[in-house]
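Worksheet for the structure shown next.
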Amino acid sequence: MYESHFGLREPPFGITPDTSFAYACNSHQEALNTLLVAARNGEGFMKVTGEVGTGKTLLCRRFLAALGDRFVSAYVPNPYLEPRTLMFALAEELVIELPREADQHQLLKELQRALLNFARQGRTVVVCLDEAQAMPLETLESLRLLSNLETEKRKLVQVVLFGQPELDERLAQSSVRQLRQRITFQYRMSVLTAAELEHYLAHRLRVAGYRGSRLFLPAAVRALHRASRGTPRLVNIIAHKALLLAFGEGLQQVLPRHVRGAAADTPAAARPRWRLVLLLSLVVSGIAAALFFGWPA
């Protein structure tokens, strides 16, 4: 809609996880480095947590893309599955034929046989489970059983759990304490700082084809950081709406009022502080009037 107006090839602030727009802020790069080191060291379980919209799915895709040919990967985007169904989902991702009538013990044996074949080929299997906070406890326990599959030298499968902070609450339950003890590497993702947001916006605009001067004025960037609290998904939503507002006025730059208008139309955005400032002003004015006129306290 506004691409030609701003000299863009494509919208710069989509909310789908697109690795071509990935910005290597400190949090994402540290998380990616941690996962790659752990995977290459043959660790069994890894865990990445972060608030909604901090880019866990994008990180997962970057991780899978960076693994290299000696790894075989399986990605399960929705692990809200019973244990048996999860086994079949993993088998499907790894192109392993499993007998449909088999019980869980037989499924594990068949998976072990297939995983051993990968190991003989010198390949390591990595399983990534997104939205892991939604996994039933019995399914988490089945993952522990899967991690028992190993040779004398190494694990046959490595598991990476990506989830919201609620995942830690699930793992704190005593019924999955054995799994919790097997998590050797973990990382907690953070939001964008104000300085990172400036570079984040410039990066995405550059990838989308923008070659002009500063598109978001410094005051607009500050307003965007306040409204989004540095959460990348919210940044994208508000920035996209702010561009629409600037386009609607025929302007070539995004002003603070555009960001505030976009934030007001975004339920998850931080509410402006003017209401609090107005309330404090009324309270102070009331106290001053009471003192001036000698009203009883």
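Listed conditions (1) in a helix (DSSP H, G or I); (2) in contact with a strand residue (DSSP E or B) (Cβ under 6 Å, 6 or more places away or on another chain) are all met by GLN186, apart from (1). State whether one or more residues within the range 101-117 are crowded, with 16+ Cβ neighbours inside 10 Å, in a loop (DSSP other than H, G, I, E, B) and not aliphatic (A, V, I, L, M). No: the range 101-117 contains no residue that is crowded, with 16+ Cβ neighbours inside 10 Å, in a loop (DSSP other than H, G, I, E, B) and not aliphatic (A, V, I, L, M). Taking each residue of the range 19-42 that is surrounded by fewer than 13 Cβ atoms within 10 Å (Cβ to Cβ) and looking for partners that are among the aromatic types (Phe, Trp, Tyr) with beta-carbon atoms closer than 6 Å, six or more apart or interchain, yields nothing. Before we move on, is ARG180 more than 29 Å from ALA134 (Cβ to Cβ), basic (Lys, Arg), in a helix (DSSP H, G or I) and in contact with a helix residue (DSSP H, G or I) (Cβ under 8 Å, 6 or more places away or on another chain)? Judged against the criteria, ARG180 is not a match.
Which residues, taken from the range 38-58, are closer than 28 Å to LYS153 by Cβ and either touching an Asp or Glu at 6+ places or on another chain (Cβ under 6 Å) or part of a loop (DSSP other than H, G, I, E, B) (or both)? The answer is ASN41, GLY42, GLU43, GLY44. For the range 4-25, a tally of residues being part of a loop (DSSP other than H, G, I, E, B) and among the β-branched types (Val, Ile, Thr) returns 2.
Quick one: would you say GLN181 is without any contact (Cβ under 8 Å) to a residue 60 or more places away in the chain and closer than 24 Å to VAL37 by Cβ? Judged against the criteria, GLN181 is a match.
When ALA239, ALA195, ALA172 are checked against the criterion of being among the aliphatic types (A, V, I, L, M) and crowded, with 16+ Cβ neighbours inside 10 Å, a single residue qualifies: ALA239.
Taking the range 142-170 as the range and being without any contact (Cβ under 8 Å) to a residue 60 or more places away in the chain and closer than 22 Å to VAL52 by Cα as the test, the residues that pass are GLU166, GLU169, ARG170. Tally up the residues in the range 135-164 that are under 22 Å from TYR80 (Cβ atoms) and assigned to a loop (DSSP other than H, G, I, E, B), please. Matching residues across the range 135-164 total 3.
Based on this model, can you work out whether GLY122 counts as more than 23 Å from ARG188 (Cα to Cα), in a loop (DSSP other than H, G, I, E, B) and within 25 Å of the chain's Cα centre (by Cα)? Taking the combined requirement at face value, the residue does not satisfy it.
Okay, residues lined up against (1) assigned to a loop (DSSP other than H, G, I, E, B); (2) in contact with a Pro (Cβ under 9 Å, 6 or more places away or on another chain):
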position: LEU36; (1), (2): no, no
position: CYS60; (1), (2): no, yes
position: ASP69; (1), (2): yes, no
position: VAL72; (1), (2): no, no
position: ASN78; (1), (2): yes, no
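No value in this document is a laboratory result; all are computed from the given coordinates. As the structure is a computational prediction, the values presented were derived from the model and not from experiment. Note that each Cβ is placed from the backbone with ideal geometry, even for glycine, and that neighbours are counted across all protein chains shown.
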